[in-house]
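Asks: Quick one: this structure, given as structure tokens, is what I'll be asking you about.
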Amino acid sequence: MTESERKIRAEFPLIEKSRCVYLDNGATTQKPGCVLEEINRYYETMNANPMRGLYELSVEATEAYENARVITANFINAKDVSEIIFTRNATESLNLVTYSYGAFALKPGDEVIVSVAEHHSNFLPWIEASRRTGAKVVYYDCAPDGSFDLDELKRLVNSHTKVLAVNAVSNVTGQKNDIPAMASIIHEAGGIIVVDGSQSVPHESTDVQAADVDFLAFSGHKMYAPMGIGVLYGKRELLDKMPPFLYGGEMIETVSKERVTYAAPPHKFEAGTVNAGGALGLKAAIEYITKVGFSQISAKESGLIKLAFDGMQEIPHVKIIGGAEASDHHGIISFTVDGVHPHDVSEIFAAENIALRAGHHCAEPLHRHLGVMSTTRMSVGVYNTCGEIEQFLDVLRSIRARMGYKDDRQYFLQ
Ligand SMILES: Cc1ncc(COP(=O)(O)O)c(C=O)c1O
């Protein structure tokens, strides 16, 4: 382990304490001490209901919460801080868009293009929005390697197209999409692009203005922040036109029996008591990522993925889902082992204290499209090491023999 690896690992208490080789970062990441301390600092020094009191604690809590919004806006280069809405997670962010933008913009005959590689969070809400509004869902299929052809998108768009819903990075193949090019195609057709950034925002720098995305959703817990805080970025001109998603406290301007007016964005979309401790945890996570730097994060993670990918390619009966190059896999590799169910694969890994995920990873349509019912997924984070990837490869080499396949016995015993 290098000195810099040791330093990074020392910042994550659970990574330090646990014997687990944690390769399930696509599901959620571990939290560094600075994030845990910031959450504690919130509850120990300034906890009060933000935006509701005129006393010192509440004012401090409000200022800290709004400062977290400013840090988040700068992190993704939003034009205006009011374009950042705090939610519970990416799922809630995407539901907000489908309900609220759907109610404002979709009508019978309109078309919503949804990529087949979406997590259910950016798939099911559009199906439901289409049921509510009469708009039609049109599917954007990928090639067998998980890549999306831009010419196919050009063929799908027409004068009825209102939305393209697509991820920036797939949570199954790790395939990165060309979001700026997709945005330009959909804008030319008069529609908007809704990007699920859950698997991209933690790993590479995001610039919503340069990419010209209309909405971007992501979760704090996949980027070293706590669970329970997520983000929806939306262009202000769209947010202004949209009706609220949830109704209740703190999202109004004035309420009487006769008349209701709603607050301006972002507060119009943040009904009820907010998760101030979570927002501060997110702020600390962003500061942590910024301190390490995306150049170091991405060099580290792509190096780990290359090591894993090259090793996996040499193991008989292991099939990698998605692109043929290591560089096609951004932080994630999903795979199958011939003749062994992914749940058995991940159980064998679990017995060796290696955390992976098995199943369809909430992306069943993509698995069906690629002709596999389930896969095992490894996904890396900033604290993983080359040694851990070697451990992962050692166990992977032994799986078939452990399941009783005689042809792999010798390989296992080497
Ligand atoms: C690509 C993608 N989108 C959306 C989600 C949903 O995230 P959350 O459960 O935090 O809402 C996930 C989580 O696994 C994901 O990987």
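Asks: Looking at the stretch 168-201, which of its residues are near the ligand (Cβ under 9 Å from one of its atoms) and farther than 15 Å from V112 by Cβ? It would help to see each step written out before you state the result.
Replies: Narrowing the stretch 168-201 to residues near the ligand (Cβ under 9 Å from one of its atoms): 168-172, 196-200.
Those that are near the ligand (Cβ under 9 Å from one of its atoms) and farther than 15 Å from V112 by Cβ: A168, V169, S170, N171, V172, G197, S198, Q199, S200.
Asks: Same structure, new question: Among the residues that make up the stretch 248-259, is at least one of them crowded, with 22+ Cβ neighbours inside 10 Å and either farther than 22 Å from I332 by Cβ or without any contact (Cβ under 8 Å) to a residue 24 or more places away in the chain (or both)?
Replies: At the first step, the residues of the stretch 248-259 found to be crowded, with 22+ Cβ neighbours inside 10 Å are none.
No, every residue in the stretch 248-259 fails to be crowded, with 22+ Cβ neighbours inside 10 Å and either farther than 22 Å from I332 by Cβ or without any contact (Cβ under 8 Å) to a residue 24 or more places away in the chain (or both).
Asks: Here is a follow-up. Of everything in the stretch 16-25, what is modelled with pLDDT of 95 or more and in contact with a helix residue (DSSP H, G or I) (Cβ under 7 Å, 6 or more places away or on another chain)? Give them in sequence order.
Replies: V21, Y22, L23
Asks: With small (G, A, S), open to solvent by 60 Å² or more (accessible area, probe 1.4 Å) and touching a residue at least 12 places away in the same chain (Cβ under 8 Å) as the only criterion, which of S374, S327 stands out?
Replies: On the way: S374 fails: open to solvent by 60 Å² or more (accessible area, probe 1.4 Å).
Of the residues listed, the single one that is small (G, A, S), open to solvent by 60 Å² or more (accessible area, probe 1.4 Å) and touching a residue at least 12 places away in the same chain (Cβ under 8 Å) is S327.
Asks: Could you check the stretch 99-142 and list, in sequence order, the residues that are of a type in the set (S, T, N, Q) and away from the ligand (no atom under 13 Å from the Cβ)?
Replies: Residues of the stretch 99-142 that are of a type in the set (S, T, N, Q), as a first pass: 100, 115, 121-122, 130, 133.
Within the stretch 99-142, S100, S130, T133 qualify.
Asks: Ok, one more. Identify all residues within the stretch 334-377 that are within 16 Å of the ligand (Cβ to nearest atom) and either touching a helix residue (DSSP H, G or I) at 6+ places or on another chain (Cβ under 6 Å) or part of a loop (DSSP other than H, G, I, E, B) (or both); write none if there are none.
Replies: L356, A358, H360, H361, C362, A363, S374, T375, T376 - these are the residues of the stretch 334-377 that are within 16 Å of the ligand (Cβ to nearest atom) and either touching a helix residue (DSSP H, G or I) at 6+ places or on another chain (Cβ under 6 Å) or part of a loop (DSSP other than H, G, I, E, B) (or both).
Asks: Take the stretch 176-202 and flag every residue that is in contact with a Ser or Thr (Cβ under 6 Å, 6 or more places away or on another chain) and surrounded by 22 or more Cβ atoms within 10 Å (Cβ to Cβ). Steps first, answer last, please.
Replies: At the first step, the residues of the stretch 176-202 found to be in contact with a Ser or Thr (Cβ under 6 Å, 6 or more places away or on another chain) are 189, 191, 198.
Matches in the stretch 176-202: G191, S198.
Asks: If the requirement is being assigned to a helix (DSSP H, G or I) and in contact (Cβ under 8 Å) with a residue 40 or more places away in the chain, which of these qualifies: K268, K283?
Replies: Details: K268 fails: in contact (Cβ under 8 Å) with a residue 40 or more places away in the chain.
From the options K268, K283, the qualifying one is K283.
Asks: Now for a different question. Could you count how many residues in the stretch 121-142 are within 22 Å of the chain's Cα centre (by Cα) and surrounded by fewer than 16 Cβ atoms within 10 Å (Cβ to Cβ)? Step through it out loud before you land on a result.
Replies: Start the filter on the stretch 121-142 by keeping residues that are within 22 Å of the chain's Cα centre (by Cα), which leaves 121-129, 139-142.
Narrowing further to those that are surrounded by fewer than 16 Cβ atoms within 10 Å (Cβ to Cβ): 127-128, 139, 141.
So the count comes out to 4.
The values are calculated or read from the model by the stated rules, or taken from the named source; none is laboratory data. Quick caveat: nothing in here was measured; it's all calculated off a predicted structure. For neighbour counting, all protein chains shown are included, and Cβ atoms are generated from backbone atoms with ideal geometry for every residue, glycine included. These area figures cover heavy atoms from the full protein model, side chains too; ligands, DNA and RNA do not enter into them. Shrake-Rupley method; radii C 1.70, N 1.55, O 1.52, S 1.80 Å.
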